[in-house]
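What follows is one structure encoded as structure tokens, with my remarks underneath.
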Amino acid sequence: MDETLGELARYAPYAFALAVLLFGIYIWRERNRFRSVNVVAIAGVSAALVAVATRAITIPVPATGGYINLGDTMVMFVAMLFGPVVGAFAGGVGSALGDVISGYPGWAPITLVVKGIEGLTIGYLAKRLEGTPGLVVAGTIGGILMVSGYFFFEYYAFGFTNAYAELPGNLVQAVTGIIVGTGLANAIKKRYPEVENLL
């Protein structure tokens, strides 16, 4: 297990660089569609928010060398509020950065992918589904993708028993993310509806 995570930790800087490069290229190519400066600023602040939430509470899971955290609350919140582009960047880069500053750099590359997909999916669905039920559906599907993504990686890397040991914690993260993310997104959308038009 330590060897696998140690090997993955070596790829973390390259994964970060690639993610930021792809984000920059996408924003530049779509510059007529987005207010580029706003997107970059909001994505950066959102990624920092996700990283801080990820670092705030860390509960180690010895079976996989991973940990339980509150990062999904902010991944879901920013994706529901700002959509798939910010959701993917903040979810992936912010969560992976949270892994690094929390002392779990080996998880950063897989987190970058799993949480990026989670943020992208939630942001995409939240923009197309209406009201609180739509946000809950978006969060639920994103949460399922997050839990499944980690489970399949852990099953492949560490075996079924170890993957199963982390499953309850990931489920708690997903449910907490849905509740808190939906609540915060709803509150901001109602109080400051202009926020959604920043991008």
Which label in (i) 11.0; (ii) 11.7; (iii) 10.1 gives the computed mean projected area of the Cα convex hull in nm²: (iii)
Compactness of region 77-117, expressed as Rg and Dmax over alpha-carbon positions, Å: 10.0, 30
Rounded Å value of the spacing that divides the Cα centres of region 63-113 and region 134-186: 12 Å
Note, ³J(HN,Hα) from phi for region 14-23, Karplus 6.51, -1.76, 1.60, rounded to Hz, x at Gly and Pro: 5, 5, 4, 4, 5, 4, 5, 4, 4, 4
D_trans [Stokes-Einstein, Kirkwood Rh over alpha-carbon pairs] for region 14-103, 25 °C, 0.890 mPa s, µm² s⁻¹: 183 µm²/s
Region 65-177 pair-distance distribution - Cα-Cα, 10 Å bins, rounded %: 17, 49, 28, 6
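Using the Cα centre as the reference, give the magnitude of the dipole from point charges on the C-beta atoms of the chain (Lys, Arg: +1; Asp, Glu: -1; all else neutral), rounded to the nearest 20 debye.
Charge dipole of the chain: 800 debye, to the nearest 20.
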Spatially proximal aspartates and glutamates relative to Lys190 (Cα-Cα < 20 Å; intrachain offsets below 8 disregarded): Glu130
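For the chain, what is the accessible area per residue in Å², given a 1.4 Å probe and the full set of protein chains?
49 Å²
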Whole-percent carbon and sulfur share, accessible surface of region 1-59, 1.4 Å: 65 percent
Straight-distance crosslink candidates among lysines, where the alpha carbon sits under 22 Å from Lys115 and sequence neighbours closer than 8 are dropped: Lys127
Projected-area mean, region 15-55, by convex hull of Cα positions, square nanometres: 3.1 nm²
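The values are calculated or read from the model by the stated rules, or taken from the named source; none is laboratory data. Treat the numbers as computed from the prediction; the structure is a model and nothing was measured. Because the Cβ atoms are built from the backbone with ideal geometry, glycine has one as well, and the counts that use them run over all protein chains shown. Note: accessible area is taken over every heavy atom of the protein model, side chains too, but ligands, DNA and RNA are not part of it. Shrake-Rupley method; radii C 1.70, N 1.55, O 1.52, S 1.80 Å.
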